[in-house]
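The values are calculated or read from the model by the stated rules, or taken from the named source; none is laboratory data. Since the model is a prediction, treat every value here as computed from it, not as a measurement. FYI the Cβ positions are ideal-geometry reconstructions off the backbone, even for glycines, and counts take in every protein chain you see.
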Amino acid sequence: MSRTTTPEHGDTRRPGGGPETGAADTDGDGDGRTDRDTTGLRRALSWIALVVSAGAGALLSVGAFLGLYVRPTSDDWCALWKARDMGVLGITADFYRTQNGRVTNAFLTGVIYSDDMRGPKLLPAFLVVTLGAALFLLARAALRALRLPAPPPVLLAAAAALVSALLFFAGTRSYQVLLWAPATVSHTLPSVIGLWAVLCAVRAARAGHRWARTAAVVAAFPTGVALGMLSEPFAMVAGILAGTAALLCLPRLGWTKDRYVPTWCASLCLGLATGLVLLTTSPGARWRRAQHPREPLSTELVGETFRDWWRVWETIAGQGAYAGAAAIGALLGLGLALTLPHANAHPHSHTHTREPAGLPPRRLFRIAVLLPLPLIALASLAVTYGLRTGYGDVGWTYGRTWTSFLLPLLLTLCAYGTWGGYRLGLLLRRAGRPAARAAALVAVGAIAVGSTAALVRPVYELTTSTVVRATAWDRQNARIRAEAAAGARDVAYRPLLIGGLTEPLFARTYARDWAAQCTATYYGVDRIHRP
């Protein structure tokens, strides 16, 4: 941030020494004229942000509406009958004792499926709203912490909407990430909970009351325990990021004045570790490991893990739409630069450039800027290792698990874009080159709009496949229920594949076909077969 020094008592003078005349000089160029170019650029920036926010918001609305067309598949069948017959506490005990030990996951599953498919149908809309709101509030809180002026709300809305849309639709498993409840509970919902936990901690810090901070630190532990028993991939990613934040925010390093942030992060990490221990030592987790014994750590396993990890990032890098996260961040940064008063100082005036308040000391700042990507790479490697040991050579293809590190990646790209756009905007304002500012605005705006447009096709394909399947499923469901009501004990079921998920009758033998057995139990029959 730059400031132009002025004499005291409000005696603002032109660089040539004469008194100020005419309109206020908002651009610091000393000509006494209103910077009409800056005003025009602000208006253009707002219109671009409006296009992005409207486009991304429309896509998110479609995704939320598609929840009404969600029908059971794969793990849904087992969750439906267990929630119906066992209740919330029963399914929680079943997960702990015989399934996988994910107590929080089981409890939420029981709640969501307690009213048949109503919960899974409403869950996508809940995720869209809560994630978007969290990202909007997080961006505003970050700008306040840096003591930067608030940009137009439409810019923050555009950033939150586009990042959310990229997370849901730009990947390889859109259906699983947004519409399939077992995956969203395990891999999408934890990120939403984590963001809101951070926002609550920020709110407690801003409250200025010691009791509020104490309550936030105390609440971080059970939150971590719940997250640790909800999703192992998210627990690993959150633990790595929170642990690093705790180290960077130690008071002795000069970024923070007290121990609130390190203490809160340490409490969260302790909770995550506790939750993971409770999960891995549960009878259900031991039973699951017995069914799929893990390979002993070896050079071959390490090499295979790194190959899988490289494939994961090749796939992510191949999704060009993710560049929109950096572009919308750059738009936000340009908006901040245009919002600052007197940012474009005249070359002959006395100008002092300052960084936004709230940043760490310069050396620590460089470390903080360089660390996110290596940390995300490390976290993704840990997730890939877990997938390799748990699911074998196809584990890396389970794109729903990537959400745990994809969201931090998108936020990092957006933050880099914001800082780059901010610095570029200040540089061009000081240089007095409105044409260059306009060119930069057009370039990043085109990328952001193009990224939004690139999501239209996957959303269209997702809509088509979901609605078509829902129609076919409803017809088949009506027939099966009529046959079951008439006393049939063996009914025909035609698999309806969607989202790369398992459907009943996938196994060669019925004894190993858990999906078919759960489907039969859900309908109250003894067996199902292909028509």
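Go over the candidates ALA134, ALA139, ALA165 one by one and state the one that is at pLDDT 95 or above and surrounded by 23 or more Cβ atoms within 10 Å (Cβ to Cβ). Spell out the reasoning first.
On the way: ALA134 fails: surrounded by 23 or more Cβ atoms within 10 Å (Cβ to Cβ); ALA139 fails: at pLDDT 95 or above.
Exactly one of ALA134, ALA139, ALA165 is at pLDDT 95 or above and surrounded by 23 or more Cβ atoms within 10 Å (Cβ to Cβ), namely ALA165.
With respect to ASP85, is the statement that it is acidic (Asp, Glu) and on the phi > 0 side of the Ramachandran plot true? Don't jump to the end; show me each part of the working.
Details: acidic (Asp, Glu): yes; on the phi > 0 side of the Ramachandran plot: no.
Considered against the rule, which asks whether it is acidic (Asp, Glu) and on the phi > 0 side of the Ramachandran plot, ASP85 comes out as no.
Going by the conditions given, is ALA435 assigned by TED's automatic domain parsing to the domain that holds VAL52, part of a helix (DSSP H, G or I) and within 30 Å of LEU166 (Cα to Cα)?
Numbers: assigned by TED's automatic domain parsing to the domain that holds VAL52: yes; part of a helix (DSSP H, G or I): yes; within 30 Å of LEU166 (Cα to Cα): no.
No; evaluated as a whole, the condition is false for this residue.
Only one of (1) crowded, with 16+ Cβ neighbours inside 10 Å; (2) in the same structural domain as HIS187 (by TED's automatic domain parsing); (3) at pLDDT 95 or above is not met by PHE107, so which one is it?
(2)
Check every one of the helices (runs of 4 or more DSSP H) wholly within the stretch 242-333 and list those with 3 or more residues that are within 19 Å of ALA142 (Cα to Cα), modelled with pLDDT of 90 or more and out of contact with any strand residue (DSSP E or B) (no Cβ under 8 Å at 6 or more places or on another chain).
It comes to 260-280.
Evaluate the stretch 453-462: report whether one residue or more is touching a Cys at 6+ places or on another chain (Cβ under 8 Å) and outside the structural domain of ARG42 (by TED's automatic domain parsing).
Quick first cut of the stretch 453-462, residues touching a Cys at 6+ places or on another chain (Cβ under 8 Å) only: none.
No: the stretch 453-462 contains no residue that is touching a Cys at 6+ places or on another chain (Cβ under 8 Å) and outside the structural domain of ARG42 (by TED's automatic domain parsing).
Could you pull out the residue among THR452, THR471, THR466 that is more than 25 Å from CYS414 (Cβ to Cβ), modelled with pLDDT of 95 or more, crowded, with 18+ Cβ neighbours inside 10 Å and among the β-branched types (Val, Ile, Thr)?
Values: THR452 fails: more than 25 Å from CYS414 (Cβ to Cβ); THR471 fails: crowded, with 18+ Cβ neighbours inside 10 Å.
Step by step, each of THR452, THR471, THR466 is checked, and only THR466 is more than 25 Å from CYS414 (Cβ to Cβ), modelled with pLDDT of 95 or more, crowded, with 18+ Cβ neighbours inside 10 Å and among the β-branched types (Val, Ile, Thr).
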